[in-house]
Every structure is written in structure tokens, then in C-alpha cells.
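Asker: Before anything else, here's the structure in question.
Throughout, read-outs are computed from the coordinates displayed, never taken from laboratory work. Here the structure is a predicted model, which means the values were calculated and not measured. When we count neighbours, we look across all protein chains shown, and the Cβ atoms used for this are built from the backbone with ideal geometry, even at glycine.
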Amino acid sequence: MSSGSGSLMWFRKGLRIHDNPALEYASRGTTRVYPLFVIDPHYMEPDPNAFSPGSTRAGINRIRFLLDSLADLDSSLKKLGSRLLVLKGEPSQVLIRCLNEWDVKKLCFEYDTDPYYQALDNKVKNYASAAGIEVFSPVSHTLFNPADIIEKNGGRPPLTYQAFLKLAGEPSWASSPLSVELSSVPPVGDVGTCEISQVPTLKELGYEEEDQDEFTPFRGGESEALRRLRESLSDKEWVANFEKPKGDPSAYKKLATTVLSPYLKFGCLSSRYFYQCLKDVYKNVKRHTSPPVSLVGQLLWREFFYTVAFGTPNFDKMKGNKICKQIPWNDDDKLLAAWREARTGYPWIDAIMVQLRKWGWMHHLARHSVACFLTRGDLFVHWEKGRDVFERLLIDSDWTINNGNWLWLSCSSFFYQYNRIYSPISFGKKYDPNGNYIRHFLPILKDMPKEYIYEPWTAPLSVQTKAKCIIGRDYPKPVVSHDTASKECKKKMGEAYALNQRLNGVVSEEDLRKLR
Ligand code: FAD
């Protein structure tokens, strides 16, 4: 049995003080708490071979967002009489070393359903149990425990949003007060020989300021999350009337949605607190929208995907994933690179991809447009390749939600109307006929007349010359003709669906090869 008396609070996501049951439990009945964050160099340090600044797994914007969030957490902990301990290394090895060296009887961390954390946590939990250290790992990243919903459904995840809503009902904690304020955290104990550092700066991690031409406008941290939440909720009418499909994906000055996703991803904002605040607004208005389109409905989409992902082996792959249609996607790296590097020649698509690189965030329908274009709409590139690009560059990159939405957009699961394709020309034009969004993110097209801004290759040479943008020289020609490519994609999707039906989903590599 452990002879320790303190607690180790292991932060990973859940980078907040409010509604943090693991931190609360760690602080209770003890005189010492070690609040720890482990920097995994693989996740944080520059990869010189990556296609854009950042590490192998994360773009520079998300790394900066995380550092902001850690600095904010450290500052909040200091106000409570503690501080954040930062260590570098492979997380399970660092944890085990700390459990060995420090005076610890309780190990507390937020439960995480991502496969990466499931594997890591099992290792650490096994070690702690063998050492007689109590482990407390509550569910606080999501509104529901996905395992409970799956159990209610006879051991299988519900595969539609409506079925999920029926099973989920109102969360059990919904009307109880959440711990919003924590008045103090016991001080840090003796750290032995561990080399504790401060929250590093980007420079200390090996990045140069000039690595990125423009940083995301969104700064990380709990303080910013709560400020943003208050700001979003202050307009009660807006909250009450929120209807996701009606938002404008081209809005870049006054955004159509909350942009709370990166804060929810890192747990700077508790989804439960967000949910309760929304319910409070609803109580004080005459009428409000409902799921799936309301703001509460958005949080429930998150829960839906968390539940399905947790109950579906190989959720992040086509092969071996029972809920995923087997489709003969191509591996055309040239087309993939054109999409990733905003060189498709379709300004609407390219502007969104520039926003992804510069901001790490785009509106949901903008994500729809580019995901559809890459996969079943035009290029027929494998959704896993697009998923990887989003996973690295989004500041809200979330293993579950990202995979879930790529499955959806590629018509591989959840949504099957592959004949409904987003036009890379008319979809954006509907919201932004003047093309202001394109002019902002693709300044090379800023002087293109509005008649041509969505299809600049159709502009006469004299117009291109006047706009100082010659198509094929200053801005690319379209990589495919949308009319031809989308017809071809629909045909291939039809054949693949028929094959999946005929073979009852048990489609081999050989079967797919015949369709290519
Ligand atoms: P709001 O509309 O203000 O919604 C509030 C919250 O609800 C969001 O912050 C988010 O946590 C949740 N939410 C909203 N829409 C969805 C949805 N469709 N699925 C699940 N949860 C949702 N979202 C991520 O958080 N991380 C991702 O990695 C991610 N990848 C995506 C990939 C693709 C291809 C697509 C089409 C969508 C993806 N989304 C992802 C979902 C969605 O686009 C974002 O959650 C949303 O745009 C975030 O902006 P917001 O916070 O202003 O959303």
C-alpha cells in the first residue's frame, strides 16, 4: 500500500477550475496537491517535415492555444494557492515516475474516451492500483457517460441522433448546482528530483515567430472561454432563436456561431456548465428553438458522436468499421495536396482551406463544403486523408467529433444521400454574392468583379488583367470540372452502395479494386 498523503491531479483536457470534479476530489481531505501537465514532445515540438508549421500531430495554432490554456490554468491555480507543474516526456513514463517519487495517495484525472487516452490511462491505472494508490477518474468532458447510453441500448450505440435523444433524456445532474468556484487548492508538495518547468513559450518549444504568417484570432484558456460564453449568452434572443442550418458560413467579422468548440475540446469550458447556462436562458424567454438545430442541440450532437465512437471499434477507419460503407476512394496525392494547400482553383473551397490554416476554425457549413468537395462531391479522395488534415490544423480538433463528421460528410455513415452535393460555386454565392469572404482569405482575388469571383476562370482575359490576377498564373485553374467530376462521383457512390448492399457490408479489398 502507498504511504503517501497527497494527491496528484493530472491535467490533460479539462484545463479549468470550474466544474472540475477530479480537481475538487484531489483537493479534498489532503494537505498537498500536485497539479501536473505532461508535455509530450511528439505532440508539441516542431516537425520540420510537416506540410505547415507545427508538430507531427498538431498545427502551430493549436499548440499556441494549448500553451495559452496552460498559462491561464497556472495563473488561476496561483490565485488559489497552488501552481501548475509542467514536466516533459512520454506521459505514462512521467506519470509513473511522479507516482513513485511524490507523496501521493490519490491520483485524479478526467475520464477520457479517446482510444489514445484509454490505452494510456489503463497503463497508469494498473500501475497506481498495484502501488496502492487510489484512482479517481470521473466523467466530466461530456454531458453523459457514453457507456451508460450504450448499456441502456442493449450494448450497442444508437446510430441516429433521434434514437440517441430518446435514450439520453435529461442528464441526471442537470438541475443540481455544479461547482463553479473553488476557493483554494492545497499547496504543492516536495517534487523530489523531477525537473519541473514553467509553461513554455512557443519559442522555448523551438518555434520561430515567423513560422506562421498569421495566427488564429482565438486565444486559449478558461478565462477567455468564460468571457466568450458570457458574451454569447448575453444576447438572449440570439440564443433562443439559434438555428444551426440558417447560419452564414461566410461570415468572418461577426461569426454566426459561438466558437466555443476549441474551449470545449481542451475542457477550458465545461460542457455541463454551458448546458446549464443555455437552459437558464431558455427559462427566461417565451420561445426557443429545439434540437437538432438549437444550441443545446449542438451540444447533443457532440454527445451523440461521443457515444457512437465509444461503442464502435475502428471508428476512425474505413476498414474494420462496421458502421462505415466500404467505398473505393482514390489515393490521389496531387489532388489531396491541391485541396490541403488551397490550390483547387475553386475560390470558395480555397478560401475555406486558407481559413483553416490561418485560424484553425471554420463555420460548420464551410467544413461541410470542403469535406464534401474532397470526398464524394468532386475529388473522390479518401475521407481519412481529409480527416488527417483537419485533425492536425483545427484548433478544436477532437478525435471523436472530427471522425464522426468525416464519416457523415463522405456519406460513409449516418447520412446516405450521396446525390446531394454542395456546389463549390453556388453554395457560397447564396450567402455572400459579393465574395467578401473570398476577398478576405484569398487577397489575390480581391479585385475580381463579383460576377466572376466564384468562377474566375470564366472571366475574359481583359477582366483578369484589370483585376491583376491571371488564372493559371496568379491563381490556379480548377483541378477538376465540377460538372463532370460530381457526376462521376455520384456514379461511383451508386456502384459502391450497391456492392455494400449485395455483400451485406462485408466488402473485401479485391471487391473494391474491381470498382476503381
Ligand atoms: P456552435 O454551433 O456554437 O455549437 C456549440 C458546440 O456544439 C460546439 O462548440 C461543438 O462542441 C458542438 N457541436 C456543434 N456542431 C457539432 C457537430 N456537428 N458535431 C459535434 N459537435 C458539434 N467540431 C469539433 O469540435 N472538433 C472537430 O474536430 C470537428 N471536426 C469537424 C469535421 C467536419 C468535416 C465537420 C463537417 C464538422 C466538424 N466539427 C468539429 C463540428 C462543427 O463544425 C464544430 O463543432 C463547430 O463548427 C464549432 O463551432 P462553434 O463552437 O461555433 O459551434
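Asker: Can you give the angle from 0 to 90° between the axis of helix 399-409 and the longest principal axis of the chain, with both taken from C-alpha atoms, to the nearest 10?
Answerer: 20 degrees
Asker: While we're on this one: Work out, step by step, the length gained on full extension between Y416 and A498: first 0.36 nm times the residue separation, then minus their alpha carbon distance; give nm to one decimal.
Answerer: So the chain would gain 28.3 nm between Y416 and A498.
Asker: Let me ask something else. For the cross-link pairs K125/K317; K13/K203; K446/K490; K236/K446; K468/K492; K152/K286, which exceed 30 Å when the distance is taken from alpha carbon to alpha carbon?
Answerer: K446/K490; K236/K446; K468/K492; K152/K286
Asker: Arranged by the count of other C-beta atoms within 10 angstrom, fewest first, what order do K166, K286 take?
Answerer: Ranked by crowding around the Cβ, least crowded first: K286, K166.
Asker: Take the alpha carbon gyration tensor of the chain, find the square roots of its eigenvalues, order them as a ≥ b ≥ c, and report rounded if a/c is under 1.5; if not, report prolate when a/b exceeds b/c, else oblate.
Answerer: Prolate, since a/c reaches 1.5 and a/b exceeds b/c.
Asker: Another one. Would you mind ranking S232, S5, S183, S250 by Cβ crowding within 10 Å, fewest neighbours first?
Answerer: S183, S5, S232, S250
Asker: By the scheme Lys and Arg +1, Asp and Glu -1, what is the net charge of all other residues having a beta-carbon under 12 Å from that of I401?
Answerer: -2
Asker: Over the chain, calculate the relative contact order: mean separation of alpha carbon pairs under 8 Å at least 6 apart, over the residue count, as a percent.
Answerer: The normalised contact order for the chain reaches 16 percent.
Asker: What span do the alpha-carbon atoms of the stretch 238-338 cover on each of the three principal axes, reported in whole Å from largest to smallest?
Answerer: 51, 35, 26
Asker: In degrees between 0 and 90, to the nearest 10, how far off the longest principal axis of the chain does helix 271-283 point, with axes built from Cα atoms?
Answerer: For 271-283 against the chain, the angle is about 70 degrees.
Asker: Now for a different question. Only counting other Cβ atoms within 10 Å, I'd like C277, C489, C268 sorted with the fewest neighbours first.
Answerer: C277, C489, C268
Asker: Which net charge results for the neighbourhood of E90, defined as the other residues with beta-carbon distances under 12 angstrom from its beta-carbon, given Lys and Arg at +1 and Asp and Glu at -1?
Answerer: Its environment carries a net charge of +2.
Asker: What number comes out for the charge environment of Q212, summing +1 per Lys or Arg and -1 per Asp or Glu over other residues with Cβ under 12 Å away?
Answerer: -2
Asker: Return the aspartates and glutamates within reach of K166: Cα separation strictly under 16 angstrom, same-chain partners fewer than 8 residues apart disregarded; answer none if there are no such residues.
Answerer: Qualifying aspartates and glutamates at Cα under 16 Å: D148, E151, E303.
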